[in-house]
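Step one of this worksheet: look at the structure below.
The values are calculated or read from the model by the stated rules, or taken from the named source; none is laboratory data. Quantities reported herein were computed from a predicted structural model and do not represent experimental measurements. Because the Cβ atoms are built from the backbone with ideal geometry, glycine has one as well, and the counts that use them run over all protein chains shown. Heavy atoms of the whole protein, side chains included, go into the accessibility calculation; ligands, DNA and RNA do not. Shrake-Rupley method; radii C 1.70, N 1.55, O 1.52, S 1.80 Å.
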Amino acid sequence: MNRFHLIRTLACAALFLALCVGSALATSKVFDVDQEFYPYYPSLIKWNKSSVPFNDPKKCGGCHSKQYREWNGSVHSLAFKDPVYQGELNKGVKAVGHDIARQCEGCHSPAGVVTGEIKGPGNAGLSDMALAGVSCDICHSISGTTHWQTPSHEPENGSFILTPGVETTGGQTLIKRGPFKPSDNCGAGFHKCEESSLHLQSDLCAGCHQVYHYDSHFPIEATYLEWKHGPYAQKEILCQDCHMVETEVFKRTADQFVKPTREEYRHYFNGANFLLSYLAAGAAKKGGDEKLAKSLMQQYDMAVERLKSAADLELSPVYRDGRLAELKVRVKNIRAGHNLPTSLTNVREMWLEVIAKDESGKVIMTSGSLNPDGTLPEDARNLNSDGMGNDFHFAIDPWKVTAFSRHDTIPPKGYKDVHFGFPANGAKSVTVEARLRFRQAGQKVAEALLGAVPKDIDLKAIYGLEKVPALPVVDMVVKQANFATSQ
C-alpha cells in the first residue's frame, strides 16, 4: 500500500469512527426509560401478575388485630384518601394528564394502580382495597426491588416488585413476607409465610420515599438518600427503627444509635404529617367512629411530639466594636435521620420567628411573625427549598419542579446558622425569644389544594369544613435568652 492509499484509508477509518461516536452521543440519554420493563410508567411498580388477589386490610385484621389497629389511622392507611393529596392529584391530572399522574397513584394506592381500578382522582366507586392506600398486603407482598434498573439508577417512584402470591397446580397460594423466621403455624393455613431480608432494610421504604420528576428524574423528595448519605445509615439505624416505634423508643434510638428490640416495633409509621391525622380525625368523628377518631388523634399527638423532639436551638450574641450587632440562631437537627424538613421541602415550611425586647419590654426587632392572612412574610428565615422549572423560574407544582434554586434543609445531626441584625436604639439589654415553627404547607398552598379536591370529596360533608381553616402550626422549639448590648 503506497503512502497516499494509507493516508486515505486512515482518514476514512477516522471519519467512520467519528460518525459512529457522534451518532452514539446524539442518541444517548441521561435517563433511559424501558417502558416494557416498567408497564405502569411513570410509576415504576412491577407486579408479578397472577389471579392471586390483594386482600382488604380488614381481612388481615382478623388474625393480626393489634397490627391492624396500629396501621388503621396511620398515614399509610390514609395515603390515597388524603384530601390534600387528592387536591394535588386533581390539579396534576388537569395539567399534565392521568398517564403522568399515575406516578403519584403508584405509591398512594399500589394495588389500585396495578389492577387498573384507579383511573383518576377521587374516591367514588373504589374498592376498600384501593382506598386502603399503603396497606398490609402491599408491604408484605413486596418480593424485591428494581432500584438499579430505574432511569436514575436509584430508588424512585415505587421501584418495588409486588408478588401477593403464585398460581400452582393446586390453586392459588398467597405469600406474605416479613423480617423474621416464620413460626410453625404462621398464616394459619390462609397464606404462606416467607422470611424476607428486604424487610430488614431501608430499601423496602426507598421506592416511595424517593419521588422524582416524571420526566427529568430530579429528586423532588429525597428522604431515602438523605438518610443513606448521613450518620444514621453508617450506624445501621434504619427507617423502621425510628418510624415503627413509640416516641420514647424513637428518642432513645436517635440519641444512642441503639436499635429497638423486636417487641418494640409497631405499625404506626408515624412521622411529621400531623395535618393529615387532624383532618382524618375530624372525618371519623363526623362519621360517628369515635374509636377511629381517638386512634387518629393519638397519631396526631405522636406526630407533634416527634416534631418537638427533632430539633434544638442555640442563641448566641455577636458583638462588633463592643456593641451587640447580631443574634446568631443555630438550628440543629438532633434526631431526624433524614434532612429537616424532608419530603416536599419546597412545600413544607419550617421557619424562625424571633422577637427581641429591650429592658422596658418594648419590641425592638421582630422576624417571621405570620401575616394576618396566615402567610409568611417574604423576609422570614424559612429553612426549606424553592423549586424551579425548566425555564429556571420559580415553580411549586411537582410536575413542574425540575431543580431547586434554594435548598436550606438541615442534614442529620447537622445545623444551620441564621443571623439577625439588631438596631442601635440605646437599649442596655435585650431579651430574645426564638421559635422554630413548622407546618405542612403555606396557607395559600393549602387553600389551593383543598379547593381543588375532586367533586366526590365534599369537605363539608366528610370533614365538617365550611372553609379551609388556618393551618395548624407546631412550635418545634422555643428558646429565650438575655444579652447585654455592650461588652
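Of all residues in the stretch 247-280, those that are touching a residue at least 24 places away in the same chain (Cβ under 8 Å) and in contact with a helix residue (DSSP H, G or I) (Cβ under 9 Å, 6 or more places away or on another chain) total 21. Entry remark, the stretch 293-312: residues being surrounded by fewer than 20 Cβ atoms within 10 Å (Cβ to Cβ), in contact with a Lys or Arg (Cβ under 7 Å, 6 or more places away or on another chain) and not hydroxyl-bearing (Ser, Thr, Tyr) number 2 in total.
So that you can scan it fast, the table gives a plain yes or no per residue for (1) open to solvent by 30 Å² or more (accessible area, probe 1.4 Å); (2) of a type in the set (Asp, Glu):
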{"residue": "117", "(1), (2)": "yes, yes"}
{"residue": "124", "(1), (2)": "yes, no"}
{"residue": "128", "(1), (2)": "yes, yes"}
{"residue": "157", "(1), (2)": "no, no"}
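Of the residues 95, 101, the single one that is in a helix (DSSP H, G or I) and over 25 Å from residue 223 (Cα atoms) is 95.
Is it the case that some residue within the stretch 295-304 is among the small types (Gly, Ala, Ser) and within 27 Å of residue 386 (Cβ to Cβ)?
Yes, because at least one residue in the stretch 295-304 is among the small types (Gly, Ala, Ser) and within 27 Å of residue 386 (Cβ to Cβ).
When the residues of the stretch 358-370 are filtered to those that are at pLDDT below 95 and open to solvent by less than 60 Å² (accessible area, probe 1.4 Å), which remaining residue is farthest from residue 406 (Cα to Cα)? Taking the candidates together, the pick is 361.
Within the stretch 161-197, work out how many residues are of a type outside the set (A, V, I, L, M), part of a strand (DSSP E or B) and open to solvent by less than 10 Å² (accessible area, probe 1.4 Å). Qualifying residue count, the stretch 161-197: 1. Taking (1) buried (at least 16 other Cβ atoms within 10 Å of the Cβ); (2) under 22 Å from residue 401 (Cβ atoms); (3) out of contact with any helix residue (DSSP H, G or I) (no Cβ under 6 Å at 6 or more places or on another chain) in turn, residue 70 satisfies each apart from (2).
What about residue 240, is it over 23 Å from residue 302 (Cβ atoms) and either touching a helix residue (DSSP H, G or I) at 6+ places or on another chain (Cβ under 7 Å) or not acidic (Asp, Glu) (or both)?
Values: over 23 Å from residue 302 (Cβ atoms): no; either touching a helix residue (DSSP H, G or I) at 6+ places or on another chain (Cβ under 7 Å) or not acidic (Asp, Glu) (or both): yes.
So residue 240 fails the test.
When you check residue 89 against the structure, is it modelled with pLDDT of 95 or more, crowded, with 21+ Cβ neighbours inside 10 Å, out of contact with any strand residue (DSSP E or B) (no Cβ under 7 Å at 6 or more places or on another chain) and not in a loop (DSSP other than H, G, I, E, B), yes or no?
Values: modelled with pLDDT of 95 or more: yes; crowded, with 21+ Cβ neighbours inside 10 Å: yes; out of contact with any strand residue (DSSP E or B) (no Cβ under 7 Å at 6 or more places or on another chain): yes; not in a loop (DSSP other than H, G, I, E, B): yes.
Yes.
May I ask you to say which residue of 255, 203 is open to solvent by 40 Å² or more (accessible area, probe 1.4 Å), of a type in the set (Asp, Glu), modelled with pLDDT of 95 or more and within 29 Å of residue 399 (Cβ to Cβ)?
203
Any residue in the stretch 174-187 that's touching a residue at least 24 places away in the same chain (Cβ under 8 Å): show its pairings with residues that are surrounded by 15 or more Cβ atoms within 10 Å (Cβ to Cβ) and basic (Lys, Arg) at Cβ separation under 6 Å, as long as the two are six or more apart or on different chains. So the pair list comes out as 175/192.
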